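Presented below is the structure to which this report refers.
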Amino acid sequence: MVHAFIMVKTAAGQSEELLAAVRELGQVDEAHIVAGDYDLITEVDVEEVYDVLHTASSGIQKLDGVADTKTYISMG
């Protein structure tokens, strides 16, 4: 099992709308609006590292209003 966090930077005023869309993605277990360099933090638990990449690139990054993502894979 691979546990990862995907940070999401949104376009201005898009955080709440994107939060709902991100939470609907199948691999996303948790998603929250946060303060800081990124606007959302998502938590995923998947079978393979490839699934993390797929969630970030084919899921989150394709949503309208997503400006940038950064992925962190948990090592422990």
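The values are calculated or read from the model by the stated rules, or taken from the named source; none is laboratory data. Note that the structure is predicted; figures quoted are calculated from it, not measured. Neighbour counts are summed over all protein chains in view; Cβ atoms, including those assigned to glycine, are modelled from backbone coordinates with ideal geometry. Calculation scope for accessible area: heavy atoms of the full protein, side chains included, ligands and nucleic acids excluded. Shrake-Rupley method; radii C 1.70, N 1.55, O 1.52, S 1.80 Å.
In a residue-by-residue description of segment 4-27, the property of being basic (K, R), closer than 13 Å to K70 by Cβ and either in contact (Cβ under 8 Å) with a residue 24 or more places away in the chain or in contact with a strand residue (DSSP E or B) (Cβ under 6 Å, 6 or more places away or on another chain) (or both) applies to at least one position.
Conditions tested, residue by residue: (1) at pLDDT 95 or above; (2) assigned to a strand (DSSP E or B); (3) out of contact with any Pro (no Cβ under 9 Å at 6 or more places or on another chain).
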site	(1), (2), (3)
F5	yes, yes, yes
K9	yes, yes, yes
G13	no, no, yes
V22	yes, no, yes
H32	yes, yes, yes
Y38	yes, no, yes
E43	yes, yes, yes
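Output the number of residues of segment 46-57 satisfying the condition of being open to solvent by less than 60 Å² (accessible area, probe 1.4 Å) and either of a type in the set (S, T, Y) or over 11 Å from the mean Cα position of the chain (by Cα) (or both). Of the residues in that region, 4 qualify.
Checking the condition open to solvent by 60 Å² or more (accessible area, probe 1.4 Å), without any contact (Cβ under 8 Å) to a residue 60 or more places away in the chain and among the β-branched types (V, I, T), which residue from I33, I41, I60, I73 passes? The match here is I33.
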